[in-house]
Amino acid sequence: MNFYTTNAERLSQQYDSLAPEQVHAGWLANLPAVQPSSNQALELGAGSGRDAAWLASIGWVVLAVEPSSGLRDIGRESTAKQSVIWLDDTLPQLASIPESYDSSFRLILASAMWMHLTPDEQVLACERLQQLAADDTLIVITWRNQASERERVFHAVDAAQFEKAFNSVSRKSSVTITESSDEGGRDGVVWHCAVIKTEAIKMDVV
């Protein structure tokens, strides 16, 4: 995460130059309604807090996870008066998230960070998100291609993994994958977005 800490100020300005509603326009129609008793959101790779602040402003209690100390410090300061808790952690382990959070998140946002995981880590990350997701959860995962990026190495993402990972004997999910150009106008940058809606399978009582 040295790149992100070294360039924290520049990156935070870049992130904040785009409104969350603009960046996430492709999936906003699926955003669950906030419920007083069920309003936990998990943001992974929370950066400088742009999206965490936005989610908190519309009623979510946000657990923001960011491994870069530089970005995390900026985010913690910018959301100090909001319902945002910051953690230093990363997928696939998320070891610092207490077990009390298991099955509690109705919204999980992993924006622009999934391509940092190796293919093996991506599989483990899906398993970890299964533990954290509530029965009816919206999971949004976005990633980009390598394009002309030279300072960071991004790994390939197999979009088919989500259909397999988030369907089980106790949970069924619908998965929609979309593709879009870069909101910042960078040539050759292509974004992918997986929108995963989970639902518990009701077991027949004999």
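The values are calculated or read from the model by the stated rules, or taken from the named source; none is laboratory data. As the structure is a prediction and not an experimental result, all values here were calculated from the model. Positions of Cβ are generated from backbone atoms using ideal geometry, with glycine treated the same way; all protein chains shown enter the neighbour counts. Just so you know, the surface numbers come from the protein's heavy atoms only, side chains and all, with ligands and any DNA or RNA stripped out. Shrake-Rupley method; radii C 1.70, N 1.55, O 1.52, S 1.80 Å.
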- Message: Just to be sure I understand, how many residues within segment 77-115 are open to solvent by 60 Å² or more (accessible area, probe 1.4 Å), closer than 18 Å to Thr137 by Cβ and in contact with a strand residue (DSSP E or B) (Cβ under 8 Å, 6 or more places away or on another chain)?
- Response: 1
- Any residue at all in segment 160-177 that is touching a residue at least 40 places away in the same chain (Cβ under 8 Å), of a type in the set (A, V, I, L, M, F, W, C) and closer than 24 Å to Pro20 by Cα? no
- Would you check if Asp51 is in a helix (DSSP H, G or I), among the acidic types (Asp, Glu) and under 15 Å from the mean Cα position of the chain (by Cα)? yes
- From (1) in a loop (DSSP other than H, G, I, E, B); (2) modelled with pLDDT of 95 or more; (3) out of contact with any Pro (no Cβ under 9 Å at 6 or more places or on another chain), pick out the condition that doesn't hold for Asp73. (1)
- Collect the residues in segment 135-153 that are open to solvent by 10 Å² or more (accessible area, probe 1.4 Å) and aliphatic (A, V, I, L, M), keeping them in residue-number order. Ala147, Val153
- How many residues of segment 1-16 are within 10 Å of Ile74 (Cβ to Cβ), among the aliphatic types (A, V, I, L, M) and either at pLDDT below 90 or surrounded by fewer than 16 Cβ atoms within 10 Å (Cβ to Cβ) (or both)? The answer is 1
- Message: Give all pairs with beta carbons closer than 8 Å in which a residue from segment 178-194 that is without any contact (Cβ under 8 Å) to a residue 40 or more places away in the chain meets a residue that is of a type outside the set (A, V, I, L, M); count only pairs at least 6 apart in sequence or on separate chains.
- Response: Glu179/Trp191; Glu179/His192; Glu179/Cys193; Ser181/Trp191; Asp182/Arg144; Asp182/Trp191; Arg186/Ser148
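Yes or no, residue by residue, for (1) under 23 Å from Glu9 (Cα atoms); (2) touching a helix residue (DSSP H, G or I) at 6+ places or on another chain (Cβ under 6 Å):
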residue: Ile58; (1), (2): no, no
residue: Val62; (1), (2): yes, yes
residue: Val65; (1), (2): yes, no
residue: Gly70; (1), (2): yes, yes
residue: Asp73; (1), (2): yes, no
residue: Arg76; (1), (2): yes, no
residue: Val84; (1), (2): yes, yes
residue: Ala95; (1), (2): no, no
- When you scan segment 124-162, how many residues do you find that are in a helix (DSSP H, G or I), aliphatic (A, V, I, L, M), under 20 Å from Thr176 (Cβ atoms) and modelled with pLDDT of 95 or more? 2
- Item | Contacts under 9 angstrom Cβ, first residue in segment 92-121 being under 15 Å from Phe162 (Cα atoms) and part of a strand (DSSP E or B), partner of a type in the set (S, T, N, Q) and open to solvent by less than 50 Å² (accessible area, probe 1.4 Å), 6 or more apart | Ile108/Thr137; Leu109/Thr142; Ala110/Thr142
- Answer yes or no: is there a residue in segment 154-170 that is touching a Gly at 6+ places or on another chain (Cβ under 9 Å) and either surrounded by fewer than 17 Cβ atoms within 10 Å (Cβ to Cβ) or within 24 Å of Gly47 (Cβ to Cβ) (or both). no
- From Ala46, Ala33, residue being open to solvent by 50 Å² or more (accessible area, probe 1.4 Å) and not in a helix (DSSP H, G or I): Ala33
